[in-house]
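Structure first, then comments.
The values are calculated or read from the model by the stated rules, or taken from the named source; none is laboratory data. Quick caveat, the model's predicted, so the values are computed rather than measured. Quick reminder, even Gly has a Cβ in these numbers, built from the backbone with ideal geometry, and neighbours come from all protein chains shown. All accessible areas refer to the heavy atoms of the entire protein, side chains included, with ligands and DNA or RNA removed. Shrake-Rupley method; radii C 1.70, N 1.55, O 1.52, S 1.80 Å.
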Amino acid sequence: MNSRKRSGSGIFLMEMIMVCGFFLLCAAICIRVFIQADSMSRLARETNQAVLAAESLADGWKVNGWESFSGNADGLQEETRINWNQNWTVIPAGGADENAMPDCWYTAEITRQQEAYEAGGRMESITIQVMRGNGHPRRKEMNTEKGARPLFSLETKRYVPAGGRDGKE
């Protein structure tokens, strides 16, 4: 009869494989958490900058009226768009399709509404939605079935008395 003594190295090898697998699983979870934290940090930074940009646009509108966006007080224009590059520098308007601009990282869609009062003045309001533009590398991150979700949305109003600041009625 041949009887050999087993060394126990097979059990040790199996234990080492299980330990390595456990550490690989932990490392994968940690890497995923760090990537998610980086994404959340970027989104918070972009949202903060979007808030500042929207507030700046709203303040300019309250002082200068619709001309601060479009360059004229044309009562027919109810929407406009402002584009920024990755450093939040305004990209001058121009060209046939502003949506296809490759360096448009962020965009603000500004919509105007007016409501006339019998007493003579009018109440104007604008809605500013700042969102990622078509040139942003992570623009699809925030998209839903309905389209792009804004980074920040702001609605503000002002009263313009009859013959008021804009000189229009």
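Which members of segment 115-169 meet the condition of being in contact with a Cys (Cβ under 9 Å, 6 or more places away or on another chain) and at pLDDT below 75? Scanning segment 115-169 gives no hits. Looking only at residues in segment 102-154 that are farther than 19 Å from residue 69 by Cα and of a type in the set (A, V, I, L, M), the one that is most open to solvent (accessible area, probe 1.4 Å) is 119.
For residue 11, are the conditions met, namely being at pLDDT 95 or above and exposed (fewer than 14 other Cβ atoms within 10 Å of the Cβ)? Against the criterion (at pLDDT 95 or above and exposed (fewer than 14 other Cβ atoms within 10 Å of the Cβ)), residue 11 does not qualify. Among the residues of segment 42-62, are any over 20 Å from the mean Cα position of the chain (by Cα), in a helix (DSSP H, G or I) and of a type in the set (A, V, I, L, M)? No, that holds for no residue. Here residue 51 fulfils each of the conditions (1) under 29 Å from residue 154 (Cβ atoms); (2) open to solvent by 70 Å² or more (accessible area, probe 1.4 Å); (3) at pLDDT 95 or above apart from (2). Select from segment 63-80 the residues that are surrounded by 12 or more Cβ atoms within 10 Å (Cβ to Cβ) and either at pLDDT 90 or above or in a loop (DSSP other than H, G, I, E, B) (or both) and list them in ascending order. If the condition is that a residue be surrounded by 12 or more Cβ atoms within 10 Å (Cβ to Cβ) and either at pLDDT 90 or above or in a loop (DSSP other than H, G, I, E, B) (or both), then 65, 66, 73, 75, 77, 78 are the ones that fit.
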